[in-house]
């Protein structure tokens, strides 16, 4: 592992550990209001100051990071499983199934990702509890983000379909379900892992976009999207530079994810 | 049909016809799926105007009946397609204007903002990618990768917000959203093309860098760059949503945003059809251009 990848791994693990330890590092919690100190600058009591309604910004960043970093991989898992089933199965079966799956993925990919996302998110209820809004947001990401991965997986599975060991297994009398789950899917593992890791930063960015546009996680629950929404009221960077901390943290974490993905994985 | 034995113009026509057929099918299917999704959305029947206490029971009933035609999605879609044939795209519920007028008014803004943004992004990315490959200085490459990597990690909506704070034009935000994707891909393509043995041989024979680029590198990397150009149209269209919504630019992106928030069925269906059409046309255009530029056997 190169030194850059080691450093990236350490950064991601450190950020994960800090967000998981939010209960101890920021016992005040993300929703408690310090009404005597709204929009306060950084101090010993509030390391990154408070927001407009007096909530501790440091605590909100830790809890928001926890939500984004735990649920983006969960959404990536959903989309990878869907991609494996749709793309992998279509590639393995070939013929009309492959053409149908490709037409369907083409349809998904012909719509800009953000357009598809805001349309589908806006169709679902917006006035729901914060916990439901978190689940809706990340579930949508998982359910809609499979198309590009399915396209890659269908090509890989198609190549496997005519390989010698599959032909031999078929000649030995193995049935399609067993062939697919026992012989094809395990051989797609490298591509599946790559698609899973690639999806995580994409979903983190998408949640952030949705949050800024007001279609993400509902208040008072924080996420990177809702934290970045605070930038809307910023007049200049010099005035309150600490408000840029969520953005810097997002850049650092996503850069680390990029470094963790080697070139081979990205092109897989 | 065996394309190899047909003359070039016939194969080209056949290819274009196949693309147009696929585009028509996908666009129609996209519109139907969009209409179905909106129809199935919870609270589709609810209309905020019905809550107005000044409205009589009859007015509320009339409001409810005005949307009755949208309850059966297939009949709504069939009526919509009949209207499209006659040039009527329906009326927006939220904005109370004909969709055709809204699209005509707003389309030029998006074409200008996304078009200039796309042009800037290509200019910046290709300049950086070409110079990185020609110059081959590690420091310059690291700088390019760091800058593009940083922009790749910033959400499109944040770049839009930053452009508002810095009073920068919207097209600059779109350019910065699209630039890293073009840079990374074209940089890899060019690096791969420059590492081919015949380029090393051409260098060893003393060919100039410009000649190597024009005669040996571009023909190898060109087709994929053209395909990338098609894809970037879709990326720029997607980027125009947060940029126009947050920068207050009255274009298609802002309209899509308003339509999504107000669950405006006629507007959403038209926008889905339009966006799908533009994206597919861009991708198919790139494919046909690649086919035309492909070297052929004598």
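The values are calculated or read from the model by the stated rules, or taken from the named source; none is laboratory data. The model shown is predicted, which means the values in this text are computed figures rather than measured ones. In this analysis, Cβ positions are derived from the backbone assuming ideal geometry, glycine residues included, and neighbour counts consider all displayed protein chains.
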Which one is nearest to the other protein chains (Cβ to nearest Cβ), of the residues in segment B:229-240 that are within 13 Å of residue B:274 (Cβ to Cβ) and crowded, with 24+ Cβ neighbours inside 10 Å?
B:237
When (1) more than 14 Å from every other protein chain (Cβ to nearest Cβ); (2) closer than 27 Å to residue B:22 by Cα are applied to residue A:53, the one that fails is (2)
Of the residues in segment A:198-228 that are surrounded by fewer than 23 Cβ atoms within 10 Å (Cβ to Cβ) and within 10 Å of chain B (Cβ to nearest Cβ), the one that is nearest to residue A:149 (Cα to Cα) is A:201
Of the candidates B:219, B:223, B:266, the one satisfying the condition of being away from chain A (no Cβ under 12 Å), touching a strand residue (DSSP E or B) at 6+ places or on another chain (Cβ under 7 Å) and part of a helix (DSSP H, G or I) is B:266
Mind checking which residues of segment B:157-180 are away from chain A (no Cβ under 11 Å) and surrounded by 20 or more Cβ atoms within 10 Å (Cβ to Cβ)?
B:163, B:170, B:171, B:173, B:174, B:175, B:176, B:178, B:179
Hey, could you check segment A:122-155 for residues that are assigned to a helix (DSSP H, G or I) and surrounded by fewer than 19 Cβ atoms within 10 Å (Cβ to Cβ) and say which is farthest from the chain's Cα centre (by Cα)?
A:155
May I ask you to say which residue of B:207, B:190 is under 30 Å from residue B:145 (Cα atoms), touching a helix residue (DSSP H, G or I) at 6+ places or on another chain (Cβ under 9 Å) and part of a loop (DSSP other than H, G, I, E, B)?
B:207
Condition set outside any helix (DSSP H, G or I) and modelled with pLDDT of 85 or more, scope segment B:241-263, selection surrounded by the most Cβ atoms within 10 Å (Cβ to Cβ): answer is B:251
State whether one or more residues within segment B:156-169 are out of contact with any strand residue (DSSP E or B) (no Cβ under 8 Å at 6 or more places or on another chain), at pLDDT 90 or above and under 30 Å from residue B:212 (Cβ atoms).
no
Just to be sure, is residue A:75 more than 20 Å from the chain's Cα centre (by Cα), crowded, with 17+ Cβ neighbours inside 10 Å and under 30 Å from residue A:219 (Cβ atoms)?
no
For segment A:229-264, how many residues are touching a residue at least 12 places away in the same chain (Cβ under 8 Å), within 11 Å of another protein chain (Cβ to nearest Cβ) and under 16 Å from residue A:72 (Cβ atoms)?
10
